[in-house]
């Protein structure tokens, strides 16, 4: 029997080394989890016990992983008692961590112009992917990131140093960490934040795509994570511009390791429609598998 996840998920008692609060009840958590850090890839996640006495874990996407330092970072927004308890944790405390879990993104070297689209708490997997692509200098990756949020962003936006062709020059708010990596980025919000595109992030990405020459567009692949309406809009972008696309799904989970099948979603496969578990069969799937009706399949 094929068991691709055997010996790939680790249980660790992870020490909290930092917990930073951002507006709108958002928190950035750093954990010492050496085995998870050594094996994490963009798109994978952890299943975290939020506090002693709370049996149900929470799935949180990995934002960064530093194998040499043995640490990982996750971003979370307080929703419910479990994540509220996690927001009250203190550096030095330990938490039980299962991870890394799932199948992450598989970047295509034949399409090195990587279009990254993230919405809300769906931004972390794309931040991770941007960092890994920027560090992989052997393949000529050219990631470009577009992030959207109606809450304040969990970072201090800055003015972009480099213009992006095809976009209004007044749309100049960018992600400072990606800017430092040399990854161009722009932000979108309906909340009226300074320098942001005043609309949906997928519309902003669409403007950038429309301004590309055909030969440039033939080198683009799309990678997205966010709420379901944003993922559907990203899949439409992929269809309209003829792009391959990979979507990281967000779904409620119980066990997080494939046993309960509570996170199963319908997808299209070569053998026909099937139910796939977001936790271990995903969370990353091809856009055509998730939304076959958009692609006429």
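The values are calculated or read from the model by the stated rules, or taken from the named source; none is laboratory data. Remember, it's a predicted structure, so these values are computed and weren't measured experimentally. Every residue, glycine among them, receives a Cβ derived from its backbone with ideal geometry; neighbour counts consider all protein chains shown.
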Practice problem: Output the number of residues of segment 238-297 satisfying the condition of being over 17 Å from residue 116 (Cα atoms) and either in a strand (DSSP E or B) or out of contact with any helix residue (DSSP H, G or I) (no Cβ under 8 Å at 6 or more places or on another chain) (or both). | Solution: 36
Quiz item: Mind checking whether some residue in segment 114-135 is surrounded by fewer than 22 Cβ atoms within 10 Å (Cβ to Cβ) and without any contact (Cβ under 8 Å) to a residue 60 or more places away in the chain?
Solution: yes
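Rundown of residues vs (1) under 20 Å from residue 211 (Cα atoms); (2) buried (at least 21 other Cβ atoms within 10 Å of the Cβ), yes/no style:
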| site | (1), (2) |
| --- | --- |
| 138 | no, no |
| 141 | yes, no |
| 153 | no, yes |
| 158 | no, no |
| 169 | yes, no |
| 179 | no, no |
| 185 | yes, yes |
| 190 | no, no |
| 196 | yes, yes |
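Conditions (1) touching a residue at least 40 places away in the same chain (Cβ under 8 Å); (2) in the same structural domain as residue 135 (by TED's automatic domain parsing); (3) within 24 Å of residue 133 (Cα to Cα), marked per residue:
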residue: 38; (1), (2), (3): no, no, yes
residue: 45; (1), (2), (3): yes, no, yes
residue: 49; (1), (2), (3): yes, no, no
residue: 64; (1), (2), (3): yes, no, yes
Quiz item: Do you know which of the residues in segment 247-264 that are within 16 Å of the chain's Cα centre (by Cα) and touching a residue at least 40 places away in the same chain (Cβ under 8 Å) is farthest from residue 45 (Cα to Cα)?
Solution: 247
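Identify, from the list 233, 287, 221, the residue that is buried (at least 19 other Cβ atoms within 10 Å of the Cβ), at negative phi and free of Cβ contacts under 8 Å to residues at least 40 places away in the same chain. Can you show your working first?
Working: 287 fails: free of Cβ contacts under 8 Å to residues at least 40 places away in the same chain; 221 fails: free of Cβ contacts under 8 Å to residues at least 40 places away in the same chain.
When all the criteria are applied, what remains is 233.
Going through segment 94-115 one residue at a time, which ones are part of a strand (DSSP E or B) and within 27 Å of residue 8 (Cβ to Cβ)?
Taking segment 94-115 and keeping what is part of a strand (DSSP E or B), we get 94-101, 103, 113-115.
Those that are part of a strand (DSSP E or B) and within 27 Å of residue 8 (Cβ to Cβ): 94, 95, 96, 97, 98, 99, 100, 101, 103, 114.
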Quiz item: Residue check: is residue 91 in a loop (DSSP other than H, G, I, E, B) and under 23 Å from residue 285 (Cβ atoms)?
Solution: no
